[in-house]
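See below for the structure under consideration.
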Amino acid sequence: MIRDPEITEALLDSVRRFVKERLVPAEHIVADTDEIPAGIVADMKAMGLFGLTVPESYGGLGLTMEEESLVMFEMGRTSPAFRSLFGTTVGIGSQGILSDGTEAQKDKYLPRLATGELIASFALTEPEAGSDAASLRTTARRVTDNSGDHYVVNGTKRFITNSPQAGIFTLMARTDPNNKGAGGVSAFIVERGTPGITVGKPDKKMGQRGAHTADVIFENCRVPAENLIGGKEGMGFKTAMKVLEKGRIHIAAICVGVAERMLADALAYAMERKQFGQPIAEFQLVQAMLADSKMEIYAARCMVLDAARRRDNKESVATEASCCKLFASEMCGRVADRAVQIFGGSGYVADHGIERFYRDVRLFRLYEGTSQILQLVIARNMIKAAA
Ligand code: COS
């Protein structure tokens, strides 16, 4: 749903210019230093990027899913690490508070998330609980003593995006030790400064330099009971699934944007690079790679917009969100591969940046649900609907 086409176009135009003028020229700096320059982070805050999805009543822009997807198409046209910094906050980091938090929790945290003062991380994955998220082992034991009503949290979370920068964590932990499945899990808002939290060394990753992941270790970390999301135990897994459902459309939109960027770079190269006396874009085998990429990007773009509009219309989109992320992330991988192929030997060396995108986009097929988990979700939903 687009609420006001003029306002949306103005926002898209400013994001487009920001990407072209500020982010694209800084891509190599981020790749070399593994950091996003502070000036760019400040500009992102000033543009309201950290508050894209936070309702206007809490100081954000309150974008609909369709509007958010359009912004992500634009943001995708540069290194994914830029998106990761604010995208995790507006996405999986804060959506649990938005969807299931109490009014007091929303009042306390959303305004500070919207300005970028607080970065939010989503802490679900563990060393032994990746795709099988419901088997998580981190515990939260309720304790009431002289210092108040608390949960004592113990456990290790793994690959937590933005944890080195995070101000708060949306943490999933088991509150019912007798229920080893999804129903024993609760979601919490945990402030970074709480004693008992250690963030490990940033992981050395294949790509997406500038976006940091690390282990987060909780040792007898006392979280105030008022930080239980929604004030109700046993709802944490459902909160996580709802958050991921929306996140999967968001990631699919980013995949479309990055694929468009890689294809634009490959096309420009193919039109300029001459072999056998003519631009390689004139050769039909190169044209086939260009055309297949264009077709698949168009399909993914249509899927994202359809799922986003359905979600805005309050339809259930568990299946569509998984279809989008599965198709768009796999498509993005194929486009990356063809783009390197079109660049030939130049695609394998760092100068043109295309090998960096090739490594960066590999993550899309892994996080927020691997392609195989998404296949399972889609098929299970089909069987449930038909039964
Ligand atoms: N919205 C709301 N509730 C949902 C939901 C959704 N999209 N998906 C599942 N649920 C609910 C189910 O309805 C079920 O509740 P009931 O028991 O009341 O019916 C509960 O959550 C458990 O669901 P399910 O039985 O499907 O859980 P499973 O353990 O079988 O596994 C998968 C579910 C595998 C789909 C889930 O663990 C998953 O998505 N794994 C991937 C995790 C992931 O994406 N990790 C990335 C981390 S972030 S980078």
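Odds and ends about this structure:
- Within region 204-296, chymotrypsin sites (Phe, Trp or Tyr not before Pro) in DSSP loop having at most 15 other beta-carbon neighbours inside 10 Å: F276, F283
- Furthest towards positive pole of dipole, G200, S186, N154, structure part region 137-226, Cβ charges: G200
- Three-way shape call for region 250-326 based on the alpha-carbon gyration tensor, with the a/c threshold at 1.5: prolate
- For H28, solvent-accessible area (1.4 Å; no DNA, RNA or ligand), Å²: 100
- Per residue value of the accessible surface for region 238-386 (all protein chains in place, 1.4 Å probe), Å²: 49
- Inter-part distance, region 254-290 to region 196-214, computed on C-alpha centroids, equals 34 Å.
- Shape category assigned to region 84-229 from the gyration tensor of Cα positions, a/c cut at 1.5: oblate
- Cysteines in the chain lacking any other cysteine Cβ under 4.7 Å from their own Cβ: C221, C302, C323, C324.
- Per residue, region 5-115 exposes 37 Å² of solvent-accessible protein surface, assessed with a 1.4 angstrom probe and all protein chains in place.
- Cross-link table K106/K238; K157/K205; K205/K238; K106/K232, entries beyond 27 Å C-alpha to C-alpha: K205/K238
- Whole-Å distance, taken between Cα centres, linking region 9-47 and region 235-253: 26
- Note, ³J(HN,Hα) from phi for region 242-247, Karplus 6.51, -1.76, 1.60, rounded to Hz, x at Gly and Pro: 4, 4, 5, 4, 5, x
- Rolling a 1.4 Å probe across the protein heavy atoms gives region 120-234 an accessible surface of 44 Å² per residue.
- Cα gyration tensor category, rounded, prolate or oblate, for the chain with a/c compared to 1.5: prolate
- Loop sites in region 221-322: GluC sites (Glu not before Pro), DSSP, at most 16 other Cβ within 10 Å: E315
- The string of couplings for region 46-59 from the Karplus curve (6.51, -1.76, 1.60, θ = phi - 60°) is 4, 6, x, 5, 6, x, 3, 9, 6, x, 4, 5, 10, x Hz, one whole number per residue in order, with x for Gly and Pro.
The values are calculated or read from the model by the stated rules, or taken from the named source; none is laboratory data. Bear in mind that the values here come from a model prediction, so they are computed numbers and not experimental data. Because the Cβ atoms are built from the backbone with ideal geometry, glycine has one as well, and the counts that use them run over all protein chains shown. What goes into the accessible areas is simple: the full protein's heavy atoms, side chains included, and nothing from ligands, DNA or RNA. Shrake-Rupley method; radii C 1.70, N 1.55, O 1.52, S 1.80 Å.
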